[in-house]
Each structure stands twice: as C-alpha cells, then as structure tokens.
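What follows is one structure encoded as structure tokens, with my remarks underneath.
The values are calculated or read from the model by the stated rules, or taken from the named source; none is laboratory data. If you're wondering where the values come from, they're calculated on a predicted model, not measured in any experiment. Don't worry about glycine lacking a Cβ; one is built from the backbone with ideal geometry, like all the others, and counts go over all protein chains shown.
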Amino acid sequence: MSRRKKADVKPSYFETIPTITIDGFEINQGDMIKINGQHGGKFKFIGLTKNNLTGSQWIDCFEILGGVPSVFRSFKEEQIKRIPKKRGRRVKHVNGAGPN
C-alpha cells in the first residue's frame, strides 16, 4: 500500500480585520452592535471580512438570543449601528455639600 500524496493548501483570499470605525467610534471584536433592519436583535461583532480577489467586504457577527451567542450572521457594512457603552454611576450631592 502506497502513501497518499499530501494536498497543497490553496491561498485564502479572505482577510478578517477585528476592528472597524463607525461614525468616529471604534468597534472591536466582541463588542455588542445592532443592525439596521433587524428588529430588536443584538449581535456580537467578530470582524470586517474582505475578499481580496473581488474587493467585496462584509461584517461577520453572532446573533445573541437569550444572552447566548447562537447564530452566525453576515451583513453589509452600511447596516451596522453601534450600541453606546454605559457610563459609571453619578454621585449625588446632598444640599450642595460636595467637592468644590
């Protein structure tokens, strides 16, 4: 019995970039986003994928259902909408007795 020939690995034309800038804000891999046209859904951003052969690009993400990442989805870059990050709690000052 002779050995099998090893298959040559073909070059991949796909490139995934883990960050993207939308409206002056940077969205990193793992950040929560919303998609225009998808009612009430939240998505976990994976990256911007480019096809270097054809020049097309799209957003890859996981849909969040019940707080758990479930379905892998892809969308056009124009549909992405960021979710603002929550700020820390404000300190209340009682009767003007606060730091000056």
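Looking only at segment 1-52, which residues are charged (D, E, K, R) and either surrounded by 12 or more Cβ atoms within 10 Å (Cβ to Cβ) or not in a loop (DSSP other than H, G, I, E, B) (or both)?
Answer for segment 1-52, where residues must be charged (D, E, K, R) and either surrounded by 12 or more Cβ atoms within 10 Å (Cβ to Cβ) or not in a loop (DSSP other than H, G, I, E, B) (or both): E15, E26, D31, K34, K42, K44, K50.
Examine segment 71-92 for a residue that is without any contact (Cβ under 8 Å) to a residue 24 or more places away in the chain and hydroxyl-bearing (S, T, Y), and state whether such a residue exists.
Checked segment 71-92: no residue is without any contact (Cβ under 8 Å) to a residue 24 or more places away in the chain and hydroxyl-bearing (S, T, Y).
Return the only residue of K50, K85 being at pLDDT below 90, closer than 18 Å to P18 by Cβ and more than 13 Å from the chain's Cα centre (by Cα).
Unique residue meeting the criteria: K85.
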